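First the structure, in the form of structure tokens, and then the observations on it.
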Amino acid sequence: MRMKVKATLIGFSAILMWSLLALFTAASGTMPPFQLSAICFSIGSIPGLVVLALKPERLALLKQPAKVWIVGIAGLFGYHFLYFTALRNAPAIEAGLIAYLWPLLIVVGSALLPGERLRWYHVAGAICGLAGTILIVARNGVQFDNAYVMGYSAALACAFTWSGYSLLTRRFEAVSTDVVTGYCLATAALSFLCHLGLETTVWPETATQWVAVAGLGLLPVGAAFYAWDYGVKNGNIQILGVASYAAPVLSTLVLIAFGFAEPSWRIALACLFVTGGAVLAAKDIIFRDRSSAVQPAE
């Protein structure tokens, strides 16, 4: 039980790192998305490469069946490719909301995993989290237009891609997290090819922008994927799915702290929804821990 809680907390650290994504992206300048993705995933592979260099015996752990590599590379690169495609072909608010259905899909899809049972409070917690996300993302309203069907479709495919990757990763629980290094390198290479074919190169102009790019690569587009891999393989995937809705709320709070956004009642209400949803989804762990701490008198 303690190991599962520890793994869940490690997985949650990925969500904390993803909450820095907006801040670092806003501070990174005007670099095109695929170029930024290529650089950040290259940086994100460095910790894994260092570990492999210090412990070369772990290279043997990279020898995995083709299906493991297909799922991993399709998850990381596929998600980002579809997300960028959605933003290019639909308004950011609507595309973002559709793409952010992935936590709910993880919670519902977890019922298909061996040894997992989906309870009503898992779904209710995920819906509360979704409500909080809508309050944050759709602060100026939502309006879906048939003219953006391609973008909406890409966003929906994006949601299914990341939730599918997370659920399938759970089925590869015996596979070492070292493989994420290979996922990052492959995603960097594919992003670079997309950049060459679709974008014009733009480099950061200031030291601050370079620091932001490095921060992206080391944390939300780097260490976060290693932590998420370990968390979904060994932790409570339903709680992680619900807790993922904290990312946009925490991201907004970080932007407020650094002066990129203003506080409002929507943010406070969103925090309440997301926190309440997470507590509801985690009630088994919370109350089990409490009950086990109280021993009956002899």
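Some values worked out for this structure:
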{"item": "Candidates L118, L101, L49, L112, filtered to the one that is in contact (Cβ under 8 Å) with a residue 24 or more places away in the chain and under 18 Å from the mean Cα position of the chain (by Cα)", "result": "L101"}
{"item": "Any hit, segment 40-49, residues being under 21 Å from T161 (Cα atoms), not in a loop (DSSP other than H, G, I, E, B) and not small (G, A, S)", "result": "yes"}
{"item": "Residue in segment 82-96 that is aromatic (F, W, Y), under 23 Å from A189 (Cα atoms) and part of a helix (DSSP H, G or I) present", "result": "yes"}
{"item": "Residue match in segment 232-246 (condition: more than 28 Å from A126 (Cβ to Cβ), modelled with pLDDT of 90 or more and charged (D, E, K, R))", "result": "no"}
{"item": "Selection status of A243, buried (at least 18 other Cβ atoms within 10 Å of the Cβ) and within 16 Å of the chain's Cα centre (by Cα)", "result": "yes"}
{"item": "Matching helices (runs of 4 or more DSSP H) fully within segment 181-251 where at least 2 residues are polar (S, T, N, Q)", "result": "207-218"}
{"item": "Candidate set: segment 15-29, residues that are under 13 Å from the mean Cα position of the chain (by Cα) and outside any helix (DSSP H, G or I); chosen: the one surrounded by the fewest Cβ atoms within 10 Å (Cβ to Cβ)", "result": "L20"}
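The values are calculated or read from the model by the stated rules, or taken from the named source; none is laboratory data. Just so it is clear, the model here is predicted, and its values are computed rather than measured. Reconstructed Cβ throughout: ideal geometry from the backbone, glycine too, with neighbour counts over all protein chains shown.
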